[in-house]
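The values are calculated or read from the model by the stated rules, or taken from the named source; none is laboratory data. This one's a predicted model, so the numbers in the text were calculated from it and none came from an experiment. Using ideal geometry, Cβ is built from the backbone for each residue, glycine included, and neighbour counts are taken over all protein chains shown. Ligands, DNA and RNA are excluded from the accessible area calculation, which covers all protein heavy atoms including side chains. Shrake-Rupley method; radii C 1.70, N 1.55, O 1.52, S 1.80 Å.
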Amino acid sequence: MKIEKINVTKEPLSLTNDGKLELVFLGVGSAFAHKHYQTNLLIVKGDRHILVDFGSTGPRALKGVAGLDCNDIEVILPTHSHNDHVGSIETLALMNRYVGQRFMNKPKLKMIINEDYQRVLWTHTLQGGLEWNEKDLNTSQKLSFSDFFDVIRPSWKTFQPREVYELDYSNIHLELFRTNHIPEQSDNWEASFISYGLFVDDRLFISGDTKYDPELLDMYADKSEVMFHDVQFFPGAVHAPLSDLKTMPDKWKKKTYLMHYADNYEDQDIKGFSDWAQEGVRYVFE
Ligand SMILES: [Zn+2]
């Protein structure tokens, strides 16, 4: 994997490439970080791109880190409903419907999402801000999910040991696996609220938000070329404590980049791991 700096003062990030799998973090910070934007990322390959999560820092990060605007984005994949992951999807949807489609000839925004999570995301997060923006005076019809998004539906792959959905979006192969993220008290993925991580092209593991989860790592770590893993710097709670991640075998640690980190990351010892994930660089897979 090659790491190349993006220089947005020269030109914005290209959302197409020569066909190599490429990963760009718009942010690598935790929900409450100030030194970095929230952990949202872009996957680019060939003529396709997928924006994974778009939190409350998303629009600024998209411009500042990648030189892009909301209307450059065609596909969004939300992993779970925390604000640092979905907080600006409303903005993306409104910009697309009322600016992109009306004035810029952009296609309707696409969303990669399964049926269960679509219902939850619409009802509990997006509906309040989106459904009342227009009204058909004849039918009193409010806007619905499908007015804003064309759905790309991943298919259900397996339930055990872990629920996994999969999708081929053009030449990008995605597995979406459930994670054990919230609440703090849930001790397995089935007891936790809907939350996903990603395995891309059978080589790139992105944990999503998750507690330390040896069963999940047993499923994916050996076959991953590179792993990006959620981290926190104290025990308990809803992310993976660094002290737990340090118990992974050396062969896994050395291919692991840590992401979703708090501002005091420089005080931490991550010897044995690959590095901190960085925003504003292209991770290009050979
Ligand atoms: Zn979260």
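The residue that is nearest to Glu190 (Cα to Cα), among those in segment 235-258 that are within 16 Å of the ligand (Cβ to nearest atom) and outside any strand (DSSP E or B), is Val238. Residues of segment 165-181 that are outside any strand (DSSP E or B) and either within 16 Å of the ligand (Cβ to nearest atom) or touching a Leu at 6+ places or on another chain (Cβ under 6 Å) (or both): Thr179, Asn180, His181. Look at segment 177-202: where a residue is more than 29 Å from His49 (Cβ to Cβ) and of a type in the set (Val, Ile, Thr), no partner that is open to solvent by less than 60 Å² (accessible area, probe 1.4 Å) and within 11 Å of the ligand (Cβ to nearest atom) sits 6+ places away or on another chain with Cβ atoms under 9 Å.
The set of residues from segment 48-71 being in contact (Cβ under 8 Å) with a residue 60 or more places away in the chain and open to solvent by 30 Å² or more (accessible area, probe 1.4 Å) comprises just one member, Arg48.
Select from segment 25-57 the residues that are in a strand (DSSP E or B) and within 11 Å of the chain's Cα centre (by Cα) and write down the one among them that is nearest to the ligand (Cβ to nearest atom). Across segment 25-57, the extreme among qualifying residues is Gln38.
If we only count helices (runs of 4 or more DSSP H) wholly inside segment 76-164, which ones have 2 or more residues that are crowded, with 18+ Cβ neighbours inside 10 Å, within 16 Å of the ligand (Cβ to nearest atom) and in contact (Cβ under 8 Å) with a residue 12 or more places away in the chain? Explain how you work it out, then say what you get.
Working: elements: 83-86, 89-95, 115-121, 127-130, 145-148.
Here the list reads 83-86, 115-121.
Ile194 passes every criterion in (1) open to solvent by less than 10 Å² (accessible area, probe 1.4 Å); (2) within 16 Å of the ligand (Cβ to nearest atom); (3) hydrophobic (A, V, I, L, M, F, W, C); (4) assigned to a loop (DSSP other than H, G, I, E, B) apart from (1).
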